[in-house]
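The values are calculated or read from the model by the stated rules, or taken from the named source; none is laboratory data. These numbers come from a predicted model, not from an experiment. Neighbour counts are summed over all protein chains in view; Cβ atoms, including those assigned to glycine, are modelled from backbone coordinates with ideal geometry.
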Amino acid sequence: MGGEPLLYSKRRFKEIAELLKTHSDKITRVTMQTNGTLLNKAWLSFLTEHFPSLQLGISCDGPSSHDALRQDYQNRPSLKDVESAFRLCESENINIGVICVVTRSSLERAAETAKYFAAWSCIKAVKLVPCFDYSGHAEPGTRRREKLAQLIYTSRPEMLPWAITAEAYTRFLASFSSAWQSEFYRHYILEPDITIIRKFSNASVNHCHYSAKKCGHVLTLYPDGQVGACDELCKSDIGLIPTHRFNLEGFTERVAAFSNDAVVSRLQQACQACDYYSVCGGGCIATRRRLAEHGREAAYCQHRITLINNTSALIEATPC
Ligand code: SF4
Ligand code: SF4
């Protein structure tokens, strides 16, 4: 689930639980990504009861970066609410994953961020996600904070003020991975490192950036009751479907039509001739398309190749 799912009512959540049961043979895992600010004991009990196998993720960008961008409509910072959610998960013995978006304000803070996550016993997985936002626009119907909208519309057209380059992300990840490998690997698993290691071992992986299971395998539930594909894509790519009209076959057909888009199919064809495909898996369709639109297609591939080469060197240097 995406957007902010805890804005959704519990009654509608029960309907989703019923919908998932009717497709249980086709669903491999159910995840929910929340900003954590509304998570409380009642929600945790409800989710545990109705979604017993749910993998809960909380978004947190680290101690020095989180509040720079994640503010509410009154421009109030949100890290203290996220930390309350972490404390609650610890007291209820709920394990969680964290998605940490790497923005410009994070770049010099890799080791500090790696250490911060290790201090929370509920955090068992950290997934680093680069913020490759090269241009910004509001989807129809999206509300934006005034300050944020100003930043978007007055920034340089080719890059938003919080976005990072593929090269900067590669350096950040090298530094974070180094801290994690030397001190924190017992506290949490780190993505994308673990997935790349699994790919080298020919083990199965869930991470869609590294797997053949991409956009047709991710559904996003929006707080207004509609279902769409992964929220990295534009809503218009696959379209939104009201929950009560959703069926998996129709959704799969829409995704297949999207894959025939000229840019998307050209990007996917490029992978077939690439020596790194067996490990790389082709990356994120939405991000590659965004970078390709800004002439940075080669930079995207180069950062994947560097990550893979760095991990390969690490495996070779690690005693059996
Ligand atoms: S858009 Fe990217 S993140 Fe979303 S499902 Fe497709 S590959 Fe995965
Ligand atoms: S490096 Fe680029 S072309 Fe090669 S497999 Fe990865 S995404 Fe595809």
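Just a few scattered comments:
- Total residues in the stretch 83-106 satisfying the condition of being at pLDDT below 95 and part of a helix (DSSP H, G or I): the figure is 3.
- Considering residues of the stretch 236-257 that are assigned to a helix (DSSP H, G or I) and in contact with a Phe, Trp or Tyr (Cβ under 9 Å, 6 or more places away or on another chain) only, the residue nearest to A286 (Cα to Cα): D237
- The stretch 44-67: number of residues that are closer than 20 Å to F176 by Cβ, in contact with a helix residue (DSSP H, G or I) (Cβ under 8 Å, 6 or more places away or on another chain) and not in a helix (DSSP H, G or I): 8
Matching residues to (1) touching a residue at least 60 places away in the same chain (Cβ under 8 Å); (2) within 12 Å of ligand 1 (Cβ to nearest atom):
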{"position": "R245", "(1), (2)": "no, no"}
{"position": "G250", "(1), (2)": "no, no"}
{"position": "V255", "(1), (2)": "no, yes"}
{"position": "N260", "(1), (2)": "no, no"}
{"position": "S265", "(1), (2)": "no, no"}
{"position": "S278", "(1), (2)": "yes, no"}
{"position": "G281", "(1), (2)": "yes, yes"}
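- Any hit, the stretch 184-206, residues being under 15 Å from the mean Cα position of the chain (by Cα), basic (K, R) and buried (at least 18 other Cβ atoms within 10 Å of the Cβ): no
- Those residues of the stretch 12-30 which are without any contact (Cβ under 8 Å) to a residue 40 or more places away in the chain and under 11 Å from F51 (Cβ atoms), in sequence order: F13, K14, A17, L20, K21, V30
- The stretch 289-308 - residue that is touching a residue at least 12 places away in the same chain (Cβ under 8 Å) and among the aliphatic types (A, V, I, L, M) and, of those, nearest to ligand 2 (Cβ to nearest atom): I305
- Flag if T311 is under 22 Å from the mean Cα position of the chain (by Cα), outside any loop (DSSP other than H, G, I, E, B) and within 26 Å of D25 (Cα to Cα): no
- All positions within the stretch 283-309 that are away from ligand 1 (no atom under 13 Å from the Cβ), buried (at least 17 other Cβ atoms within 10 Å of the Cβ) and not small (G, A, S): R296, E297, C301, H303, T306, L307, I308
- L233 being in contact (Cβ under 8 Å) with a residue 40 or more places away in the chain, part of a strand (DSSP E or B) and touching a helix residue (DSSP H, G or I) at 6+ places or on another chain (Cβ under 8 Å): no
- One residue from A262, A286, A256, A229 being within 16 Å of ligand 2 (Cβ to nearest atom) and among the small types (G, A, S): A286
- Beta carbons closer than 9 Å, at least 6 apart along the sequence or on distinct chains, pair a first residue in the stretch 41-59 that is under 14 Å from L20 (Cβ atoms) and free of Cβ contacts under 8 Å to residues at least 40 places away in the same chain with a second that is of a type outside the set (S, T, N, Q) and in a strand (DSSP E or B) for L47/M32; L47/L56; F51/M32; L54/M32.
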